[in-house]
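See below for the structure under consideration.
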Amino acid sequence: MTVTDRDIVSAVQGGLPMVAEPYAAVAHGLGIGEDELLARLRAMRDSGTIRRVGVAPNHYRLGMVANGMTVWDVADDRVAALGAQVGALPFVTHCYERPRALPDWPYNLFAMVHGASREEVEAKRRRIAGLLGDACRGHDILYSTRILKKTGLRLRRKEG
Amino acid sequence: MTLDALDRALINRLQEGLPLAPAPFAGIAAELGLSVEEVLARLRRMKAAGVVTRFGPFFDAAAMGGAFCLCAMAVPAEAFEAVLTKVNAMPEVAHNYERDHRLNMWFVLATETPEGIAEAAGAIERETGLDVLRFPKLQEFFIGFRVAA
């Protein structure tokens, strides 16, 4: 029986065992060699399927209790250049252009900002506002008040 | 739990990524002047305490032929917990956050096919009777992921 990439993703999507040789343990469970598993994972990394191997921290538990999604209505012809500048700010962890949902939602640039207090996040928000200048027609900030789920990608079990 | 300087250094370093090698913790242990067992003990402790929510590979659904989509819903306060139970029960919901806005539930769908996004969002709309606004990314400017611990 061949072990597919899907099998490999299913085996590790919940996380790796926290042992000195985690890949040997996963390979054993899949019935393949550690070398083969590592080669397959490296191929997935090289193709972009795996972005990195590491940890996801809980911002709240690290003392970053203020987590704001800043959202901006930026002129369409300037969003590419300005988005790149916002994304390059050291305190912005994610930055995307997304479609507006008019009339409710006029914002097309989203930038995540974290801090130990809302004052700290507000100061960062003002820096973004200064950078965007008159290209920005309006903005808002949505603080997260609770993590409701944080599992990452999960494949649905194949039926049949 | 209280984090000491080494715990924080470990989190910062582990956000940057580990090598795909048989002993992935060896390098980081040497950098921090710890044994591999001490690194693992700290990692296990932080995972158990919820400081670290996940250790392992991070996948890009789009590179696998699938898709990600940020979605938002305006959930009435009195229905929040019932809606939450239904939304979180979907395996396609990878993350979900409550936010202080009229649009108070923000979640990311991760699906194996591009069509899966519409199917999952449609299923949530049918289950909850609420609109699911979809905000797929048009451009990604930078994914730093890291927060300084």
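The values are calculated or read from the model by the stated rules, or taken from the named source; none is laboratory data. Computed from a prediction, not measured in an experiment: that's the story for all the values here. Here the Cβ positions follow ideal geometry from the backbone for every residue, glycine too, while neighbour counts run over all protein chains shown. These area figures cover heavy atoms from the full protein model, side chains too; ligands, DNA and RNA do not enter into them. Shrake-Rupley method; radii C 1.70, N 1.55, O 1.52, S 1.80 Å.
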Subject >> Residues of the stretch A:51-79 satisfying the condition of being charged (D, E, K, R), more than 8 Å from chain B (Cβ to nearest Cβ) and in contact with a helix residue (DSSP H, G or I) (Cβ under 8 Å, 6 or more places away or on another chain) >> reply: A:R78
**OP:** Find the helices (runs of 4 or more DSSP H) located wholly in the stretch B:1-96 whose residues include 2 or more that are touching a residue at least 12 places away in the same chain (Cβ under 8 Å) and under 18 Å from the mean Cα position of the chain (by Cα), and list them.
**Re:** B:5-16, B:36-48, B:80-88
Subject >> Test: A:A123 is facing chain B (nearest Cβ under 7 Å) and not in a strand (DSSP E or B) >> reply: no
Original post:
Do you know which residues across the stretch A:111-126 are open to solvent by 30 Å² or more (accessible area, probe 1.4 Å) and under 14 Å from the mean Cα position of the chain (by Cα)?
Top reply: A:M112
Original post:
For the stretch B:61-74, does any single residue satisfy the condition of being over 25 Å from A:R154 (Cβ atoms), of a type in the set (G, A, S) and not assigned by TED's automatic domain parsing to the domain that holds B:E125?
Top reply: no
**OP:** Can you work out which of the residues in the stretch A:95-110 that are surrounded by fewer than 18 Cβ atoms within 10 Å (Cβ to Cβ) and either in contact (Cβ under 8 Å) with a residue 60 or more places away in the chain or in contact with a strand residue (DSSP E or B) (Cβ under 6 Å, 6 or more places away or on another chain) (or both) is nearest to A:R126 (Cα to Cα)?
**Re:** A:P106
Original post:
How many residues does the stretch B:1-52 hold that are open to solvent by 40 Å² or more (accessible area, probe 1.4 Å), β-branched (V, I, T) and at the interface with chain A (Cβ under 10 Å from one of its Cβ atoms)?
Top reply: 1
Original post:
open to solvent by 40 Å² or more (accessible area, probe 1.4 Å) and more than 12 Å from A:V71 (Cα to Cα), is that true of A:D134?
Top reply: yes
Original post:
Does the stretch A:56-63 contain any residue that is in contact with a Ser or Thr (Cβ under 8 Å, 6 or more places away or on another chain) and farther than 29 Å from B:I28 by Cβ?
Top reply: no
